Structures are given as structure tokens and as C-alpha cells.
1. Could you grab me the full set of residues in region 121-153 that are in a loop (DSSP other than H, G, I, E, B) and surrounded by 15 or more Cβ atoms within 10 Å (Cβ to Cβ)?
2. Touching a residue at least 24 places away in the same chain (Cβ under 8 Å), not acidic (Asp, Glu) and not in a loop (DSSP other than H, G, I, E, B): is that true of residue 248 in this structure?
3. Go through (1) over 22 Å from residue 215 (Cβ atoms); (2) under 21 Å from the mean Cα position of the chain (by Cα); (3) not small (Gly, Ala, Ser) for residue 129 and report which single condition fails.
4. What number of residues within region 210-229 are of a type outside the set (Asp, Glu) and surrounded by fewer than 16 Cβ atoms within 10 Å (Cβ to Cβ)?
5. Any idea which of 242, 202, 230 is at pLDDT 90 or above and not in a strand (DSSP E or B)?
6. Got a sec? Which of 205, 123, 164, 148 is touching an Asp or Glu at 6+ places or on another chain (Cβ under 6 Å) and touching a residue at least 24 places away in the same chain (Cβ under 8 Å)?
7. List the number of the failed condition for residue 248; all other conditions in (1) over 18 Å from residue 163 (Cβ atoms); (2) at pLDDT 80 or above; (3) of a type in the set (Gly, Ala, Ser) hold.
8. Within the set of pairs 6+ apart or on separate chains, which have a first residue in region 181-193 that is farther than 12 Å from residue 242 by Cβ, a second that is surrounded by fewer than 15 Cβ atoms within 10 Å (Cβ to Cβ), and C-beta atoms under 6 Å apart?
Amino acid sequence: MAGGRRIRAMVVSLALGGCTLQEITIVDVEDVIVAEVHVQIGEGLFGGDRVTAFLHRTVGGLGEGFHPVPGARIIITRDGGPSVELAATAIERCVSATPEGGTGSCYWMAPTASAPFGPGDHLRLRIDLASGGALTSATVVPGDFAILGVAEGAQCLLPPSTPLTVRWTASEGTWAYVNETLIVGIKDAFALLGIDVESDTLELLGLSISASDTTIVFPGEFGIFSRFELDQELATSLQDGLPPGTRAAVMISATDRNYVNWVRGGNFNPSGQVRVPSIRGDGTGVFASTVTRTFEVVVDPAPLGGAFSVPACPAS
């Protein structure tokens, strides 16, 4: 039969010593190329822009895990402006982990390349596959925005056990803000509070689900997707702020519609349970864009403020 194959399976029933025959249809999984292309506009703590494309095949007909898509020609063009062709690179530049036995192909814009893209740009994607065929898409990069009271990439000093309300200007065209923090130095700091923490770093994620939702409380509201995984004592303590001697990078990212429609995981479903692709042609996937603004919170290790020259964080 078209689109699949048909087999007959015998199901043996021991009831009353009889047996029945049941026809089962198994459909072959189609082998599809998946492209996950991200344009990340950012400055601050983690440097400049990052443009990557992770290409892989679905599991159909090829065994377990992802599979590579070598030799692709990937070009991103700004309307009325320049184009960038991505170069093949190590897979670790695109993803931190793959399914067991899986792999893929990673392409990127090297940091030495000039950054031709910025907030508000209209971008078009074309991927020409070595095996023939093409994939296309487009995205509008969210508009520029700024975190209020802290310069881009700067540090600010926060008293211990003090929540910080982070505020920023609205980004035109964004569909959601993804808010992340990486807190370091927590093992010894929380040990003094009688809380045992296995790792010295903690990553937390928050979400603002509309363009006008431009505030979040640090660090308590960043753990919304980790509340069932965090130790209860640690989660409760985070609602009151951080202990002395810790510091945290804070990242606020304005995301486009393509990103929101594609990203799924656990309870993180900002636009429903089903992924919506934005790439068309001889494959599927996402062409997403984000604008990220960052700063670093330093929690004063000295009771009276010490000798720090870091400016104070904005008053909540």
C-alpha cells in the first residue's frame, strides 16, 4: 500500500482454548530532513551574534538517533542587504547533546565574520541540499530593547536575600520573552544556610508570554520550569534572593513567532503542545530569530558592602 507496508500478525488468545487472527497495519516512518536554524542577536557577557544551523534526518529507515546532512549550502539574506553563507563546523557548536548513537551536521557563521544582521531585520533562508532539493523560510528579527537601570553586559551589586525586579523596554514584533539565568558559587553559599546543593552552578528558566510582559522577579520567577525538580529548601530560599558570595548572569531574550511555535519541552509550551514548523520544501524545521540582552548580578559577600566599585542594581 502507498506510504507504508502491510503485515499480518497472529495474536494468540488462550481464552477457551481458541485463537483469533487480527490484522495490524504498520506504517513506515518517512525519512525527513530537519533543519533547525537560529539567528541570535546579542551583545553583553557572551559576545556578539550567533548564527547556527543544525541539520539532521529523522529516524525513518536509518536506525536509531539523528543522522548527518553533509554538504548543504546554507545562505541567509537580509532584505535589501548582504547575505551570509554558513560554514560546516563541529556539531558541539550547535547542540550540547543528541540522542544515543545520534549525530547531525552543524553549520555556523564564524565569530570573525562581520555581523550583517540586527534587530528588526527581515531575513530569508535558503538551504540547497547536496542530494538535491531545497528548503526555504523567512523570519523577522524582534525589535531592539534594553534592560532598564543596567547597561548592556554590565554588572550590578545586589544585597543578599534581596529579590530584584528586572524591567526592560518592549521589543517590537516579539511573541514571547525567554528569561534565563546561570547562578554560580551556590554550593558553599547555600551550605552556610544548611542547604545541601550538589552542583556549584544552577541554570533557571523563566517566560514572559506576551510582548507587553516586560518584568520578571530575579531569581524566584526564573525557576518556573524547574519547580518540580529543585530541592524544596533551595526553591523556597530562592524566593527571598541569593546568599552572599554568589553571582548570576541574567539573559532576557525577545523571540520571534517561529521560535515560539517550534520550541517545546516539558511544561514549556508557549503556543500549544504541537510543534509548528516554519521551514518549507524538501524537509521541515525552524528558522528562528532572537534578540538577547544580558547583565550580571553580583551578590555582595560583605555585610556592609565591602570595597566593591560595582554600581547597585536598580531598586525594585
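The values are calculated or read from the model by the stated rules, or taken from the named source; none is laboratory data. All figures in this text were calculated on a predicted structure; none of them were measured in a lab. Don't worry about glycine lacking a Cβ; one is built from the backbone with ideal geometry, like all the others, and counts go over all protein chains shown.
1. To start, the set of residues in region 121-153 that are in a loop (DSSP other than H, G, I, E, B) comprises 121, 129-133, 141-146, 148-153.
Within region 121-153, 121, 129, 141, 142, 143, 144, 145, 149, 150, 153 qualify.
2. On the way: touching a residue at least 24 places away in the same chain (Cβ under 8 Å): yes; not acidic (Asp, Glu): yes; not in a loop (DSSP other than H, G, I, E, B): yes.
So residue 248 fits the description; yes.
3. Just one mismatch for residue 129, condition (2).
4. First, pick out the residues of region 210-229 that are of a type outside the set (Asp, Glu): 210-212, 214-220, 222-228.
Among the residues that remain, those that are also surrounded by fewer than 16 Cβ atoms within 10 Å (Cβ to Cβ) are: 210, 212, 215, 217, 224-225, 227-228.
Residues in region 210-229 being of a type outside the set (Asp, Glu) and surrounded by fewer than 16 Cβ atoms within 10 Å (Cβ to Cβ): 8 in total.
5. Working: 202 fails: not in a strand (DSSP E or B); 230 fails: at pLDDT 90 or above.
Of the residues listed, the single one that is at pLDDT 90 or above and not in a strand (DSSP E or B) is 242.
6. Values: 123 fails: touching an Asp or Glu at 6+ places or on another chain (Cβ under 6 Å); 164 fails: touching an Asp or Glu at 6+ places or on another chain (Cβ under 6 Å); 148 fails: touching an Asp or Glu at 6+ places or on another chain (Cβ under 6 Å).
Only one candidate qualifies: 205.
7. Of everything listed in (1) over 18 Å from residue 163 (Cβ atoms); (2) at pLDDT 80 or above; (3) of a type in the set (Gly, Ala, Ser), residue 248 misses just condition (1).
8. Within 6 Å, the pairs are 182/203; 187/200.
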